[in-house]
Each structure stands twice: as structure tokens, then as C-alpha cells.
1. Less than 18 Å from a label point 7 Å out along the Cα-to-Cβ axis of Thr116: which backbone N atoms in segment 159-199 qualify, by residue?
2. If the chain between Thr317 and Thr248 were fully stretched, how many nm would it gain, using 0.36 nm times the residue separation less the Cα-Cα distance?
3. For segment 248-399, state the semi-axes of the equivalent ellipsoid (square roots of 5 times the eigenvalues of the alpha-carbon gyration tensor), sorted largest first and rounded to whole angstrom.
4. Within a Cβ distance under 10 Å of Asp228, other residues only, what is the Lys/Arg minus Asp/Glu net charge?
5. At 7 Å along the Cα-to-beta-carbon direction for both Ser151 and Ser346, put a label point, then send me their distance in nm to one decimal.
6. Hey, which of these cross-link pairs are over 26 Å Cα-Cα: Lys231/Lys398; Lys349/Lys398; Lys142/Lys217; Lys246/Lys349; Lys161/Lys379; Lys231/Lys308?
7. Net charge within 12 Å of Tyr347 by Cβ-Cβ distance, Lys/Arg positive one each and Asp/Glu negative one each, not counting Tyr347 itself?
8. For Cα pairs less than 8 Å apart in space and 6+ apart in sequence, what is the mean separation divided by the residue count of segment 96-166, i.e. the relative contact order in percent?
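Derivation of every value follows stated rules applied to the coordinates shown; laboratory data play no part. Computed from a predicted model, the values in this text were never measured in an experiment. Because the Cβ atoms are built from the backbone with ideal geometry, glycine has one as well, and the counts that use them run over all protein chains shown.
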Amino acid sequence: MHGLTTAAALVATAGYVLAAPSALVPRKTFQVSQIAKGKVFINGPTQVVKTHQKYAKLGATVPSDAAAAAAAVQSGSVAANPEQYDESYLCPVSVGGQTLNLDFDTGSADLWVFSTVTPSSESTGHARYNPATSGTLKSGYKWDISYGDGSGASGTVYADKVVVGGVTATSQAVEAATSVSAQFTQDTDNDGLLGLAFSSINTVTPQQQTTFFDTVKPTLAKPLFAVDLKKGTAGSYQFGYIDSSKYTGSITYTSVSTANGFWQFTAGGYSVGTSTTTSGSISGASIADTGTTLLYLPDAVVKAYYAKVSGAKYDSTQGGYTFPSSSTLPNFNVNIGGTVFTVPGSYIKFAPVSSTTYFGGIQSSAGIGFNIFGDIFLKAVYAIFDESQSTPRLGFAKQ
Ligand SMILES: C[C@@H](SC(=N)N)c1ccc(Cl)cc1
Ligand SMILES: C[C@@H](SC(=N)N)c1ccc(Cl)cc1
């Protein structure tokens with residue numbers, strides 16, 4: 001009986017069921033019928049693991065190859081919690097068994113963390129990774145990164161287990177900070193960054209390391225991640241799958257150039273206000289960047305936008321366009337891949353800089369070298385960072 005049950009269970013989980021062999025018919029008879037038509041697609045290795053686990057009490061052990069193969073369909077989702085004014089979004093990540101809140105950044109490719117090797121004068125108020133627990137030093141490896149806003153950090157490198165929403169990288173390069181700039185010290189919500197740009201811009205020497213996404217990519221159900229940032233409330237990142245409940249309509253895909261290590265695409269026409277008939281075009285390269293707060297566009301586009309906001313001006317002391325707190329802002333519409341996406345004016349009324357004045361969520365990309373579709377844009381869409389095709393692509397859908 002027991003033997004048959006195991007065999008039947010194994011066979012049954014192979015996606016079809018066969019009539020029990022008569023010689024092994026157990027005391028009580030039971031009808032086992034073919035699955036009519038269609039195919040039930042299951043994952044063999046996962047089923048083998050489950051069956052062995054089911055009989056573990058009888059001494060069954062999971063074959064190591066099955067366990068490894070079963071890991072070939074990881075997927076998971078993690079919360080993205082906004083700071084005040086949605087300055088950035090922090091996601092809980094297990095690093096060597098310790099939970100740190102990291103800024104997932106599709107504009108860089110280093111996973112670095114505040115750590116026990118960060119001077120306490122620079123890391124007070126931050127969760128810190130302790131490599132002594134389970135980290136393996138990568139002797140002689142170093143990293144040093146600078147960000148567009150002039151902030152930066154540097155340090156040493158360990159290999160350790162990193163888990164994001166249940167998706168596990170058993171040996172991920174974890175870059176421990178031995179020095180961080182004041183902006184990071186002061187942002188006590190932020191315990192480090194998890195880069196999701198292409199690994200070609202990872203800063204580790206003498207041997208460049210892979211991002212978390214690149215590390216787990218071969219084990220994901222689908223080689224992609226998706227981003228659902230929201231205004232003023234928690235959103236989420238999905239790894240290995242697209243959550244169809246997070247968007248309406250269809251996903252519009254557009255091609256990506258990886259030449260600069262970013263998720264770089266070409267944006268099309270735009271319009272300001274309620275008309276979604278777009279015209280002109282957003283010149284230059286654009287990147288989809290979860291690590292940048294605002295939406296940086298060509299001067300001509302920015303001027304056309306704030307021409308529709310009475311009292312708006314470029315304020316050099318604030319370093320950008322500001323407008324009266326009483327303003328109602330127009331929508332910003334942009335055509336990407338043939339679909340027009342709308343950023344509500346309320347998203348562009350970004351944050352107060354005084355009792356009478358707000359700072360705009362749309363600012364000029366002049367001097368950067370490319371346009372940046374940062375959080376102001378991303379919180380208006382569901383964005384798919386997709387490597388399931390022959391070349392990477394970005395998908396956008398309305399929320
Ligand atoms: C790519 C982003 S930085 C990042 N997301 N890690 C960026 C570059 C240059 C400027 Cl000026 C401002 C922002
Ligand atoms: C200035 C620091 S901290 C912060 N601005 N909250 C920072 C955070 C994220 C990136 Cl991608 C670059 C720089």
C-alpha cells in the first residue's frame with residue numbers, strides 16, 4: 001500500500017494520472033481516471049521535492065539535484081515604503097539574516113549597506129549589516145560609488161545570503177560601507193542601496209560583481225522584475241512575475257539600450273493638461289530610474305509645462321522650478337511606445353519649500369546628459385524591467 005501510494009503520488013504529480021496497476025491494487029478499490037484532454041503543466045522538480053518532503057517522516061530525503069532544480073522557479077514580492085514626500089522608497093531585505101531597509105535603484109548596480117565596519121559617527125540611526133555572522137570576505141575587493149546628486153559611499157565586499165520577498169540569492173556580493181557621504185548619514189530611513197541597473201556599471205574591483213537581479217535571474221520563473229510605486233503609500237516590487245492585478249489595459253513595451261548600463265529608452269511626444277493628444281518629442285536618451293525622486297526632462301519641455309502654471313518660476317536658490325502653494329498643476333502626458341501615459345498634476349505638486357511655495361516634480365535635465373523618468377513618473381504606471389526576450393525591454397501599463 002505504502003509503496004503504491006508513493007509511486008502513485010509520484011506519477012500523479014507528473015502531470016497525468018494512470019489507472020493503478022492491477023497487481024498492486026490496494027485492499028480498497030479506487031477509480032483513477034486519465035485527465036481528459038488539456039495538459040496540466042506542473043514543475044517536476046518542485047513536485048519531486050514536495051513528495052519527498054511529504055514522506056520525510058518515513059525517511060525520504062530530498063535529492064540535492066531536485067532541490068537545486070526546484071529553485072529554478074523563484075518568484076516573490078516586496079513592499080516599497082515611501083519616505084516623507086516620496087523622496088525615496090525603502091524595501092525590507094534580509095542580508096545575512098539581518099533585515100535592512102534598502103533603496104532599490106534601477107539607476108545603479110551596487111548592493112551596498114551600512115555595516116558594523118561603517119564608522120559609528122556616520123551610521124548612527126541606521127540598521128547595520130554584520131558580516132561576522134555569515135559573510136565571507138572577498139579579500140582585496142573594494143567598491144566606490146558616486147551618485148548624480150553628489151552623494152557617495154565606498155567600502156569592502158563580502159559574499160552572503162540575500163533574500164528579497166522570498167527570492168533568495170545564496171551568495172550575493174554585499175558591499176559593506178566603510179565610508180558614506182553626509183546625505184546618506186542624514187537619511188536614517190536608508191540602510192543602503194540595492195542596484196537594479198545592468199551589472200556592467202557595478203563599481204567593485206578587481207572583479208565586477210552582479211546585481212541581485214542578475215544573480216537570481218537564472219532561478220526566476222521569468223527573468224524580469226516589475227515596479228509598482230505609489231504616491232504617499234506603500235507600493236511593491238515583483239521579481240520573477242508580473243502581477244496582473246496591478247495594472248489595467250495592456251502593457252506597452254519599448255526597446256532598451258544597455259550601452260550606458262541603464263534601462264535607457266526613447267520617449268516620444270508630450271502634452272500638458274487634459275488633452276492626451278501629444279506632439280513634439282522628448283529629445284535625447286531617457287532612463288527609467290527608481291532611485292531618482294523627480295522627473296527630469298529637456299528644458300523646452302519643462303518651460304512649456306510651467307508656462308501653464310501661474311506664478312511658476314526657475315528659482316536658482318532652490319535649484320529648480322517653484323510655484324505658489326495655492327497652485328493647481330496640470331497633468332503631464334507622454335507617449336512611450338505608442339501609448340500615452342498621464343502623470344496627474346497632483347503628483348507634480350511635489351513638496352513645500354516654504355509656507356507659500358512648492359517645489360515642482362518636473363525639473364530640467366539640462367547638464368545631466370539624459371532625461372530621467374524617476375519616481376514622479378513611475379508612481380503613475382506599472383513598469384516591467386524585462387529580460388525575457390533576446391534583448392532587454394521596458395514595459396509600461398496604466399495603473
Ligand atoms: C542615474 C541617477 S543616480 C541613481 N539613480 N543612482 C542620476 C544620474 C545623474 C544625475 Cl545628475 C542625477 C541622477
Ligand atoms: C542622497 C542619497 S540619500 C537620499 N537622497 N535620500 C541618495 C539616495 C539614493 C540615490 Cl540613488 C542617490 C543618493
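1. So the set is 159-162, 174-179.
2. Residue separation times 0.36 nm, minus the Cα-Cα distance, leaves 20.7 nm.
3. In descending order, the three semi-axes are 27, 16, 13 Å.
4. Spelling it out: positives minus negatives among the neighbours equals +2.
5. Between Ser151 and Ser346, the simple spin-label model gives 2.7 nm.
6. Distance filter (> 26 Å) returns Lys161/Lys379.
7. Local net charge: +2.
8. Rounded, it is 30 percent for segment 96-166.
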